[in-house]
Each structure stands twice: as C-alpha cells, then as structure tokens.
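Engineer: Please read through the structure below; I'll follow up with questions.
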Ligand code: ZN
C-alpha cells in the first residue's frame, strides 16, 4: 500500500509542478471562478463546448498542491467527454475523495484521478481536491457567479 501511496503522491506532485491546461482560454464559451476560503484556493475554470461535447478545458489561479493537481488532472481527463460523461466522472470523483467510491466501474473510469483516493483520509483537503470539480460543475450548469466551497 505504501508504494501505491508514493505513486499517488508522485502524480499529485508532478501535476502541481507542471500543471496541464494552465492558461486563459481566449475562445472559452463559458468560465467561472471558484474559491475555497478555508485553504485560500482560487481558480477560474474555462470550458469550450461544441454541442454536447467538452472540446477544451483550462484553468488559471493559485492554491495548494492538491487543488492545483486536481484541476490539472481534471482538465486532462475531461477533454472530449460529453456532458453526461463529465457528470458521471464528477460523481465518481466526489465518491472517491469523500471515501465512498461509487463502484468498481467508477474506479476504473477514474484512471489517474484515483491518485486522489488518499485525500479522503484528510477531511480538510477534500475541499481542495473537489474545488475544481465543483467549479466545473457550476460552469456546465450554466452558472456565472463565482462559487465557494463554504
Ligand atoms: Zn487547498
């Protein structure tokens, strides 16, 4: 288990150091800001929709390693997904970090996101890991006001 945990930590460290899709998206169809006041995490998530498909996802902002890595992994796994698929992954990820994984299938679909399983043991970090997802969820729901985890 500890080797697995080290591997997971490596994924988080790598994404924190070299975040994917960390940029302003000029042709975004939607964007929204998300805050986690408890930790000070603050991001803007950008999405470009093509019909029902998430053609592109990016983010900017700052926060702790967990939140930044989570936003980075999220942005890389959601590209090309439909809204329904994204909703499923949101539910799977939420289950993972709150310690109630949805199903074996869900775990498999999560892939790299499984790196965040350890977060469920640290309640204070759950909001860090889930902030990018809650922000994305609000974007896909068509909301435009900033969201907060509190
Ligand atoms: Zn944080």
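Engineer: Among the numbered conditions (1) part of a loop (DSSP other than H, G, I, E, B); (2) touching a helix residue (DSSP H, G or I) at 6+ places or on another chain (Cβ under 7 Å), tell me where residue 32 comes up short.
Structural biologist: Here residue 32 clears every test but (1).
Engineer: List every residue pair whose Cβ atoms sit under 9 Å apart, with the two residues 6 or more apart in sequence or on different chains, where the first one lies in segment 128-140 and is closer than 13 Å to residue 93 by Cβ and away from the ligand (no atom under 16 Å from the Cβ) and the second, anywhere, is modelled with pLDDT under 95 and not in a helix (DSSP H, G or I).
Structural biologist: 137/143; 137/147
Engineer: Kindly list the number of the only condition in (1) over 18 Å from residue 11 (Cα atoms); (2) within 15 Å of the chain's Cα centre (by Cα); (3) within 16 Å of the ligand (Cβ to nearest atom) that fails for residue 87.
Structural biologist: (3)
Engineer: Do you know which residues across segment 23-38 are away from the ligand (no atom under 16 Å from the Cβ) and either surrounded by fewer than 17 Cβ atoms within 10 Å (Cβ to Cβ) or more than 14 Å from the chain's Cα centre (by Cα) (or both)? Show your work before the answer.
Structural biologist: Filtering segment 23-38 down to residues away from the ligand (no atom under 16 Å from the Cβ) leaves 23-32.
Correct list: 23, 24, 25, 26, 27, 28, 29, 30, 31.
Engineer: Of the numbered conditions (1) out of contact with any strand residue (DSSP E or B) (no Cβ under 6 Å at 6 or more places or on another chain); (2) assigned to a helix (DSSP H, G or I); (3) farther than 23 Å from residue 14 by Cβ; (4) at pLDDT 90 or above, residue 138 fails exactly one; give the number of that condition.
Structural biologist: Against the list (1) out of contact with any strand residue (DSSP E or B) (no Cβ under 6 Å at 6 or more places or on another chain); (2) assigned to a helix (DSSP H, G or I); (3) farther than 23 Å from residue 14 by Cβ; (4) at pLDDT 90 or above, residue 138 comes up short only on (1).
Engineer: Here is a follow-up. Quick one: is residue 111 outside any helix (DSSP H, G or I) and at positive phi? Break it down stepwise before answering.
Structural biologist: Values: outside any helix (DSSP H, G or I): no; at positive phi: yes.
So residue 111 does not fit the description; no.
Engineer: Now for a separate question. Being within 16 Å of the ligand (Cβ to nearest atom) and closer than 21 Å to residue 19 by Cα narrows it down to one of 77, 57, 97, so name that one.
Structural biologist: Values: 77 fails: within 16 Å of the ligand (Cβ to nearest atom); 57 fails: within 16 Å of the ligand (Cβ to nearest atom).
The conditions single out 97.
Engineer: Among 71, 62, 84, which is touching a strand residue (DSSP E or B) at 6+ places or on another chain (Cβ under 9 Å), surrounded by fewer than 16 Cβ atoms within 10 Å (Cβ to Cβ) and modelled with pLDDT of 90 or more?
Structural biologist: Values: 71 fails: surrounded by fewer than 16 Cβ atoms within 10 Å (Cβ to Cβ); 84 fails: touching a strand residue (DSSP E or B) at 6+ places or on another chain (Cβ under 9 Å).
Exactly one residue qualifies, and that residue is 62.
Engineer: Only one of 146, 123 is within 16 Å of the ligand (Cβ to nearest atom), surrounded by fewer than 17 Cβ atoms within 10 Å (Cβ to Cβ), more than 15 Å from the chain's Cα centre (by Cα) and over 19 Å from residue 16 (Cβ atoms). Can you tell me which? Before you say what the answer is, go through the steps one by one.
Structural biologist: On the way: 146 fails: within 16 Å of the ligand (Cβ to nearest atom).
Unique residue meeting the criteria: 123.
The values are calculated or read from the model by the stated rules, or taken from the named source; none is laboratory data. Small disclaimer: the values here were computed from a predicted structure and weren't measured. A quick note on method: Cβ atoms are made from the backbone with ideal geometry, for glycine too, and the neighbour counts reach across all protein chains shown.
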